[in-house]
Amino acid sequence: MAQPSQVLPLQGGKVEVGETQEGNGTRPLLDIRGIDQELVEKIEYDALVWSSLHGLVVGDKSVQRSGKVPGVGMVHAPFALLPMPFPESHWKQACELAPIFNELVDRVSLDAKFLQDSLSRTKKADAFTSRLLDIHSKMVEINKKEDIRLGLLRSDYMVDEQTKLLLQIETNTISCSFPGLGCLVSDLHRSLLNHYGEFLALDSKRVPNNPAASQFVEALAKAWTEYNNPRAVVMLVVQADERNMYDQHWLSALLKEIHNVSTLRKTLAEIDAEGELLPDGTLVVGGQAIAVVYFRAGYTPNDYPSESEWRARLLMEQSSAIKCPSISYHLAGTKKIQQELVKPNVLERFVDNKEDIAKLRKCFAGLWSLDDSDIVKDAIERPGLYVMKPQREGGGNNIYGNDVREALMRLQKEGSEADAAYILMQRIFPTVSHTFLMRNGICYKDDTVSELGIYGAYLRNKEKVILNDQCGYLMRTKASSSDEGGVAAGFAVLDSLYLT
Ligand SMILES: Nc1ncnc2c1ncn2[C@@H]1O[C@H](COP(=O)(O)OP(=O)(O)OP(=O)(O)O)[C@@H](O)[C@H]1O
Ligand SMILES: [Mg+2]
């Protein structure tokens, strides 16, 4: 292992500290072009060792069984070698927004008519949303009440370079990834800075603590306690082939170790085959009573290849188990609902506190439906300024650049209801910085942009709010030439932040 004494300190002036971001411009805090190559190689080596020793790993796609059998074919998760400079004021702003978004999602989820009405045109154009709405309608018909509601959410943001505004990309209400691995990256970066910080002129204390995994686990444990059946377990709904399984296993392991709560991993098909509802509403899967259903699958149409998976989803929704998310929370996180909430006077229906409304509005980017003909016209003329989004999760589905123009013109020509499947969003242009990205043991230098996700946990039982917290963060960094941002989808790497 490289010792600090073996590496040469940087030449004065090559590393720029404590500058810019909010101040006089856009020069990066840490100009990696100035870092000595030998030093970089030592940091890389230590980082690779650290991630292997600490479980910062994913399944290796070149190993066939790596998504099925734990311990087979592991590779370090893609990560940024050093934390990304980020203004402290924006960090605080994003953290403050977390409980407000948590509460907003809960309030929206309770308004069945708002959800159904807002998504009524989308329902005709998008088969997946339509199936989700059908389940929701069935629950409305039988007057199903969710007294105990658990949200494990993540709101994603980018800082727009020109206006310096922190703008929200979206709130995810289902299967928010990387609470397990994201906090390890913060630990990794702190460890590297403890070791090499003086050579880089960086202080490990500027990397904020990231308790995402332990706080998500605490929320799951508290929900389990509210359910009040000591023999029941937490069930993770998972994909059959999941290379990001260690992110999930971290949560299961902590749940067991810290709270002595057991978990079960089941696919939707297995739940259909092994699941049943007892007369009192208890969900039993493979003979085990389920207290909490935690979805890490079920957010994409690919997860429902047959009717079997839809039956499983309905079965769980009908049960008394706590669903994370319930069908209402899932729908409240759709892009169409995000766009509806931005319209004048809509937030006021769900949020009482005027200051909270102002804080939410401040982070809203422009969002429009495709029946706004002026915006569609502008997007055809200037497609680079917009992102076109269908009602999908998991990355890789959005439309950018000239494809926006083509898609809009095609929809106009067809003249059908198909346009209701999409929304348009203002494209955000974050500051570009030069970064070291680690993938598959190789270090790449690239121009990158970053996106900050803030996790939130919300738990209530009837009128009692048990938890409403911000719980750690996820920084994702990607090549600025890439439109999409998903880590698992192969676009981005995991990162942490360095407060400036
Ligand atoms: N308005 C925007 N401006 C710039 N980039 C954007 C915008 N909206 C989305 N992106 C980029 O595309 C990525 C995916 O967008 P979005 O989060 O809307 O889709 P998703 O499929 O729900 O992804 P995820 O799985 O991360 O939730 C984002 O992480 C971000 O990098
Ligand atoms: Mg999403």
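Answer yes if at least one residue in the range 389-400 is more than 14 Å from ILE169 (Cβ to Cβ), part of a strand (DSSP E or B), within 16 Å of ligand 1 (Cβ to nearest atom) and more than 18 Å from the chain's Cα centre (by Cα), and no otherwise. Yes, the range 389-400 contains at least one residue that is more than 14 Å from ILE169 (Cβ to Cβ), part of a strand (DSSP E or B), within 16 Å of ligand 1 (Cβ to nearest atom) and more than 18 Å from the chain's Cα centre (by Cα).
Which one of VAL40, VAL108, VAL49 is of a type in the set (A, V, I, L, M), closer than 30 Å to THR334 by Cβ and either part of a helix (DSSP H, G or I) or touching a Leu at 6+ places or on another chain (Cβ under 8 Å) (or both)? If you could, list the steps in order and put the result at the bottom.
Values: VAL40 fails: closer than 30 Å to THR334 by Cβ; VAL49 fails: closer than 30 Å to THR334 by Cβ.
Result of the check over VAL40, VAL108, VAL49: VAL108.
Restricting the search to the range 356-388, which residues are within 14 Å of ligand 1 (Cβ to nearest atom) and closer than 22 Å to PHE101 by Cα? Of everything in the range 356-388, those that are within 14 Å of ligand 1 (Cβ to nearest atom) and closer than 22 Å to PHE101 by Cα turn out to be CYS363, PHE364, ALA365, GLY366, LEU367, TRP368. In the range 352-372, the residues that are surrounded by 12 or more Cβ atoms within 10 Å (Cβ to Cβ) form Cβ pairs under 9 Å with partners that are among the aromatic types (Phe, Trp, Tyr), at six or more places apart or across chains, as follows: LEU360/PHE101; CYS363/TYR157; GLY366/TYR386; TRP368/TYR386; SER369/TYR422; LEU370/TYR422.
The residue of the range 403-459 that is farthest from ASP374 (Cα to Cα), among those that are aliphatic (A, V, I, L, M) and under 19 Å from the mean Cα position of the chain (by Cα), is LEU459.
Filtering the range 421-450 down to residues that are in a strand (DSSP E or B), touching a strand residue (DSSP E or B) at 6+ places or on another chain (Cβ under 8 Å) and among the aliphatic types (A, V, I, L, M), which residue is farthest from ligand 1 (Cβ to nearest atom)? Outline the logic, then answer.
Initial filter on the range 421-450 (in a strand (DSSP E or B)): 422-426, 430, 433-439, 442-450.
With touching a strand residue (DSSP E or B) at 6+ places or on another chain (Cβ under 8 Å) added as a condition, the list becomes 422-426, 430, 433-439, 443-450.
The next check asks that each one be among the aliphatic types (A, V, I, L, M); those that pass are 423-425, 437-438, 449.
Numbers: ILE423: 10, LEU424: 9, MET425: 4, LEU437: 15, MET438: 19, VAL449: 8 Å.
Among those residues, the one meeting the criterion is MET438.
Inspect the range 197-220 for any residue being touching a Phe, Trp or Tyr at 6+ places or on another chain (Cβ under 7 Å), more than 28 Å from HIS330 (Cβ to Cβ) and either in a helix (DSSP H, G or I) or small (Gly, Ala, Ser) (or both) and give the result as yes or no. For the range 197-220, residues touching a Phe, Trp or Tyr at 6+ places or on another chain (Cβ under 7 Å), more than 28 Å from HIS330 (Cβ to Cβ) and either in a helix (DSSP H, G or I) or small (Gly, Ala, Ser) (or both): present. Among all residues of the range 377-388, there is at least one that is within 16 Å of ligand 2 (Cβ to nearest atom) and not basic (Lys, Arg).
Check the range 142-157 and report whether any residue there is away from ligand 1 (no atom under 16 Å from the Cβ) and touching a Ser or Thr at 6+ places or on another chain (Cβ under 6 Å). Working first, answer last.
First, pick out the residues of the range 142-157 that are away from ligand 1 (no atom under 16 Å from the Cβ): 142-150.
Now restrict to residues that are touching a Ser or Thr at 6+ places or on another chain (Cβ under 6 Å): 146.
Yes, the range 142-157 contains a residue that is away from ligand 1 (no atom under 16 Å from the Cβ) and touching a Ser or Thr at 6+ places or on another chain (Cβ under 6 Å).
Evaluate the following for MET139: is it under 30 Å from GLU44 (Cβ atoms) and modelled with pLDDT of 95 or more? No, not satisfied.
Of everything listed in (1) under 30 Å from THR282 (Cβ atoms); (2) more than 15 Å from ligand 1 (Cβ to nearest atom); (3) part of a helix (DSSP H, G or I), the single unmet condition for ASP247 is (2).
Of all residues in the range 195-203, none satisfies being in contact (Cβ under 8 Å) with a residue 12 or more places away in the chain, over 22 Å from THR431 (Cα atoms) and within 16 Å of ligand 2 (Cβ to nearest atom). Checked against the criteria, SER137 counts as without any contact (Cβ under 8 Å) to a residue 24 or more places away in the chain and either touching a Pro at 6+ places or on another chain (Cβ under 9 Å) or polar (S, T, N, Q) (or both).
Within the group ALA2, ALA77, which residue is at pLDDT below 70 and either surrounded by fewer than 18 Cβ atoms within 10 Å (Cβ to Cβ) or on the phi < 0 side of the Ramachandran plot (or both)? Before you say what the answer is, go through the steps one by one.
On the way: ALA77 fails: at pLDDT below 70.
Unique residue meeting the criteria: ALA2.
Residues considered: ILE442, ILE466, ILE454. Of these, the only one that is among the aliphatic types (A, V, I, L, M), surrounded by fewer than 24 Cβ atoms within 10 Å (Cβ to Cβ) and closer than 25 Å to SER109 by Cα is ILE466.
Report whether or not GLU381 is surrounded by fewer than 19 Cβ atoms within 10 Å (Cβ to Cβ) and either in contact with a Phe, Trp or Tyr (Cβ under 7 Å, 6 or more places away or on another chain) or without any contact (Cβ under 8 Å) to a residue 60 or more places away in the chain (or both). It would help to see each step written out before you state the result.
Values: surrounded by fewer than 19 Cβ atoms within 10 Å (Cβ to Cβ): yes; either in contact with a Phe, Trp or Tyr (Cβ under 7 Å, 6 or more places away or on another chain) or without any contact (Cβ under 8 Å) to a residue 60 or more places away in the chain (or both): yes.
Spelling it out, GLU381 is indeed surrounded by fewer than 19 Cβ atoms within 10 Å (Cβ to Cβ) and either in contact with a Phe, Trp or Tyr (Cβ under 7 Å, 6 or more places away or on another chain) or without any contact (Cβ under 8 Å) to a residue 60 or more places away in the chain (or both).
Considering only residues of the range 140-153 that are more than 16 Å from ligand 2 (Cβ to nearest atom) and in a strand (DSSP E or B), which is nearest to LEU110 (Cα to Cα)?
Taking the range 140-153 and keeping what is more than 16 Å from ligand 2 (Cβ to nearest atom), we get 140-150.
Now drop any that are not in a strand (DSSP E or B), which leaves 148-150.
Details: ILE148: 12, ARG149: 11, LEU150: 13 Å.
Filtering the range 140-153 for residues that are more than 16 Å from ligand 2 (Cβ to nearest atom) and in a strand (DSSP E or B), the one nearest to LEU110 (Cα to Cα) comes out as ARG149.
Just one residue in the set ALA457, ALA418, ALA488 is within 26 Å of TYR246 (Cα to Cα), among the hydrophobic types (A, V, I, L, M, F, W, C) and not in a strand (DSSP E or B); that residue is ALA488. Counting the residues of the range 80-105 that are surrounded by fewer than 15 Cβ atoms within 10 Å (Cβ to Cβ) and assigned to a loop (DSSP other than H, G, I, E, B) gives 0.
Rundown of residues vs (1) of a type outside the set (Lys, Arg); (2) surrounded by fewer than 19 Cβ atoms within 10 Å (Cβ to Cβ); (3) within 16 Å of ligand 2 (Cβ to nearest atom), yes/no style:
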| residue | (1), (2), (3) |
| --- | --- |
| SER130 | yes, yes, no |
| SER137 | yes, yes, no |
| SER155 | yes, no, yes |
| GLN162 | yes, yes, no |
| CYS176 | yes, no, yes |
| ALA212 | yes, no, no |
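Out of SER306, SER320, I need the residue that is among the small types (Gly, Ala, Ser), under 16 Å from TYR227 (Cα atoms) and surrounded by fewer than 24 Cβ atoms within 10 Å (Cβ to Cβ). Which one? Show your work before the answer.
Working: SER306 fails: under 16 Å from TYR227 (Cα atoms).
Selected residue: SER320, the only one of SER306, SER320 that is among the small types (Gly, Ala, Ser), under 16 Å from TYR227 (Cα atoms) and surrounded by fewer than 24 Cβ atoms within 10 Å (Cβ to Cβ).
The requirement of being buried (at least 18 other Cβ atoms within 10 Å of the Cβ), at negative phi, at pLDDT below 95 and of a type in the set (Asp, Glu) is fulfilled somewhere in the range 416-437, by at least one residue.
The values are calculated or read from the model by the stated rules, or taken from the named source; none is laboratory data. Since the model is a prediction, treat every value here as computed from it, not as a measurement. Quick reminder, even Gly has a Cβ in these numbers, built from the backbone with ideal geometry, and neighbours come from all protein chains shown.
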